[in-house]
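The structure appears right after this line, and notes come after that.
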Amino acid sequence: MMRFLLLFSRQGKLRLQKWFTPISEREKKKIIRDMTNMVLARQPRSCNFLDWKDLKIIYKRYASLYFCLAIENQENELLALEIIHRYVELLDKYFGNVCELDIIFNFEKAYFILDEFIIGGEVQETSKQIVNRSIEASDMLQEDDSSEWYEVELFG
Amino acid sequence: MHMLGYPAHFGQLECLKLIASQKFTDKRIGYLGAMLLLDERQDVHLLMTNCIKNDLNHSTQYVQGLALCTLGCMGSSEMCRDLAGEVEKLLKTSNSYLRKKAALCAVHVIRKVPELMEMFLPATKNLLSEKNHGVLHTSVVLLTEMCERSPDMLAHFRKLVPQLVRILKNLIMSGYSPEHDVSGISDPFLQVRILRLLRILGRSDDDSSEAMNDILAQVATNTETSKNVGNAILYETVLTIMDIKSESGLRVLAINILGRFLLNNDKNIRYVALTSLLKTVQTDHNAVQRHRSTIVDCLKDLDVSIKRRAMELSFALVNGNNVRGMMKELLYFLDSCDPEFKADCASGVFLSAEKYAPSKRWHIDTIMRVLTTAGSYVRDDSVPNLIQLITNSVEMHAYTVQRLYKALLDDISQQPLVQVASWCIGEYGDLLVSGQCEEEEPIQVTEDEVLDVLEGLLASNLSTPVTRGYSLTAIMKLSTRFSGVNRIKKVVSIYGSSIDVELQQRAVEYNALFKKYDHMRPALLERMPIMEKTATNGPTEIVQTNGEMEPSAVEAKHPPPVSQPTSPANDLLDLLSGNDVVPVIQTTLPSKPASAGGDLLELLGDISLGGGPAPTPAPAPAPAVSSTQPAFLLDGLTSQPLFNDIAPAGIPPMTAYNKNGLKIDFTFERANPNPNIAVITIHASNSTEADMTDFVFQAAVPKTFQLQLLSPSSNIVPALNQGSVTQVIRVLNPQKQQLRMRIKLTYTLKGSPVQDLAEVNNFPPQSWQ
């Protein structure tokens, strides 16, 4: 399972954090500090995997953002890279050419998308279309937030 | 919880209020806030339970989804216990949107509360017959989690292997599916997960492994390797093949895939390959050997992670055949690598060299190379190990000392090297100066040059106190091997006033050695005996062949228990505390002889030799000399009693008593460098026709002496000189007065007890001088 997912900028500012295990505030801050230091210090052409304590850290840089995912030792690193890529694709589809500003100003949407893709450290849906459709439907529910609810059928 | 320094705990309660609201927007934000702020460490966490319970039964699936998501991400164990039933219900629903979320929620529940696993078992019955990939994926995750946690579940789910194989097959064979396609591969996430579950199911089971062989081969050969996805699947396949009981053809295929990975340009792939090879090198050593050259090339890669993996793998691949070549590469690596690698690399080199060294000379060369390049990073015990190795390779002494001397001339900053070098020069300085060396060109070195170097070490800022100690002792040892003693005397006396206490003590003691105990100097500073090592990393056992340099207090591990000798020897042990010093076994002397001796003493009042106790000389130079030995000498002291095969050092034995068929011989040992302790072994033999039983030997000495009697070998002296009883006496004679002893013998001969007293005065002078 995944332990945490962090997004931070080239300057080390944290944009998104998702923790899949209960950790104290102080631990979280320490981990964030460690991750930003380690990942930002990496050479440009080095491999995307790091060893840290008993976890494997997979990181990938997209434009100005670093996506940093921590997985347990028995997980497949190459697949973790794919997971990060899939998440970026989902964000891209939703925001249309996503950039860091989108994530800064619409961070709750980014979290919603993440929650439709991953629960409890595991991938829940492997189809891009289905994830996108769920998000759109939820958004519509939000818009139409009067006293009436109506059912939205999900196809597939 | 603070924001910009101000407490923001109000935020948590707001989250709860939002969650409880009816509006979807509020709920969405409320649950998001809950997931970020309300993890199970917070007090208000439990208040969510009711809300989540209600929302799990909401009419809108998105609300249910939110609740499931929140529960699945951060539900505490209490919450999980309360809500597991709801989750289980949702696991059986036909709504795939909810089903997949419920499955992952169940995974979380099982992780938090493993006892609830059985509850979800019925719901898993037809999970795999779903068409929806999301549900399939999460079901496989759920099954994996259950199988990992419980061997019973594992056995239960083995029957699913054919179904899983079928699903996997469909994935590979089916055409292009736009929904799940990633770079031409159909749903790689699901494929990898299935492969992983197959791995767990087939792990120690032949039948299951048999059933998967085909599909694994198919995946391995058909998957596209141009993109990362394909490689991810191949990687998982390789891991699975190596883990289950696959046939050998499949294993070879797997290793070849890894070999191909190694040649890939993509660093990630190379890294992954090195990691997997490391895992498989134990089981498939030969197959991995084939890729040795590629692995060694990876040592030169720029990437730190790859270098580390390559280094570990290289060490795992070293064996008797390739050791020379591999070591060359690894030493080259050691030269150029980052400091963080040097320590591990150095230890690895030492270990491999020890296991597979083709010759002693090669071994010494290798170690020297490591010390010169990475000297400051080697482990602490490498110095004693190297010294021990050098001592043992007798024929290499001249060569070794020559090389070490040359290394010292170049560079004195690497402390371990300097320590070893100064020790060797101290020991084998005569070989160095005489210039005999078969292996290499002999160099011309004069005694003065050698002393210059050693004195330079003493004075240098780069030398640590330990190194200085080594060099001072080395200089001292050379006093017996070189002819120019005056210079050495001068050096030693200068350091008598050094600020460093350790150096000062040594210098003072050596000074004393020159002045008062000059006759002892050659014996004390003789060559070290060969030391035997029993285990590579364990405490070293010493077989005492020559007692000259051994510390006086050697403890026996099993009976006869040796009592703690008197205080100078105590100090000796304290000085030499190594890693594994056997705790001193304090045994009380068999009290009878001692007290009997005491009684004797009182009776024999006229023995007292008068004279106030003279100030005892400083603990003899011997402790200082011994303390220069590497600490490991005391690690694991031998079980042999001190007195068995030690050369008597030239003191002739004497007959102390010979009457009525009982003959008592004394043999002397100077087993210890402490000249004040005489170790006397009595041999009692019986030339009459009957055995002497209940034989007890007691001794008394004048007041200025101290006596220790150890247990006798037996108390029956066999008749007709068929054997003898031996017993050890230790006499401490600090004032160097003539040794005198009164002995009392009691035994039973032919049923009648016999008792006799005698005085022993004919001790040879060497025994007490």
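Coordinate-derived values only; no laboratory data. This is a predicted model, so every value here is computed, not measured. Note that each Cβ is placed from the backbone with ideal geometry, even for glycine, and that neighbours are counted across all protein chains shown.
Observations, loosely collected:
- Of the peptides B:346-354, B:167-175, the order by per-residue mean of other Cβ atoms within 10 Å, starting with the highest, comes out as B:346-354, B:167-175.
- Sequence of B:Met119, B:Met146 once ranked by neighbouring C-beta atoms within 10 Å, starting from the fewest: B:Met119, B:Met146
- Share of alpha-carbon pairs per 10 Å distance bin for segment A:12-156, given as whole %: 9, 36, 35, 14, 5, 0
- Taking segment B:404-525 and dividing mean pair separation by its residue count, relative contact order in percent (alpha carbons under 8 Å, at least six apart): 23
- Highest-first packing order for the peptide set B:656-667, B:496-507 is B:656-667, B:496-507, based on the mean count of other beta carbon atoms within 10 Å.
- P(r), alpha carbons of segment B:679-769 - 10 Å bins starting at zero, rounded %: 16, 45, 28, 11, 1
- Note on A:130-142: average number of Cβ atoms from other chains within 10 Å of each residue's Cβ is 4.
- Hydrodynamic radius (Kirkwood) for segment B:404-525, which is based on Cα pairs only, to one decimal in Å: 14.5
- Cross-link pairs exceeding 24 Å between alpha carbons, from the set A:Lys29/B:Lys307; B:Lys328/B:Lys406; A:Lys18/A:Lys56: A:Lys29/B:Lys307.
- Vicinal HN-Hα couplings computed from phi for segment B:475-482 (Karplus, 6.51 cos²θ - 1.76 cosθ + 1.60; Hz; Gly/Pro x): 4, 4, 5, 5, 4, 8, 9, 9
- Relative contact order (%) - segment A:2-155, alpha-carbon pairs under 8 angstrom, separation at least six: 20
- Over all other residues within a Cβ to Cβ distance under 11 Å of B:Thr372, the charged ones net out to -1, with Lys and Arg as +1 and Asp and Glu as -1.
- Straight-distance candidates among the lysines for linking to B:Lys750, with alpha-carbon spacing under 19 Å and chain neighbours fewer than 8 residues away dropped: B:Lys659, B:Lys663.
- Close amide H pairs (under 5 Å, H built 1.01 Å from N) link B:Asn721 with B:Asn686, B:Ser687, B:Thr688, residues at least 5 positions away or on another chain.
- Residue order, fewest to most surrounding Cβ atoms within 10 angstrom, among B:Arg379, B:Arg199: B:Arg379, B:Arg199
- Near B:Leu334: Cβ cut-off under 9 Å, other residues only, Lys/Arg at +1 and Asp/Glu at -1. The net charge is +1.
- Averaged over the residues of peptide A:80-93, the number of Cβ atoms from other protein chains lying within 10 Å of each residue's Cβ is 2.
- Length gained on full extension, B:Ala758 to B:Asn222: 182.9 nm, using 0.36 nm per residue less the C-alpha separation.
- Cβ-placed point charges (K, R +1; D, E -1), dipole of segment B:1-158 about Cα centre in debye, nearest 20: 520
- Dmax and Rg, reported as Rg then Dmax, of segment B:1-158 (C-alpha, Å): 16.5, 56
- Sorting the segments B:47-59, B:94-106 by their residues' average number of neighbouring beta-carbon atoms within 10 angstrom, most packed first, yields B:94-106, B:47-59.
- Local electrostatic count at B:Lys112 - Lys and Arg +1, Asp and Glu -1, tallied over other residues with Cβ under 13 Å: -3
- Partner chain coverage, peptide A:51-59 - average Cβ within 10 angstrom: 1
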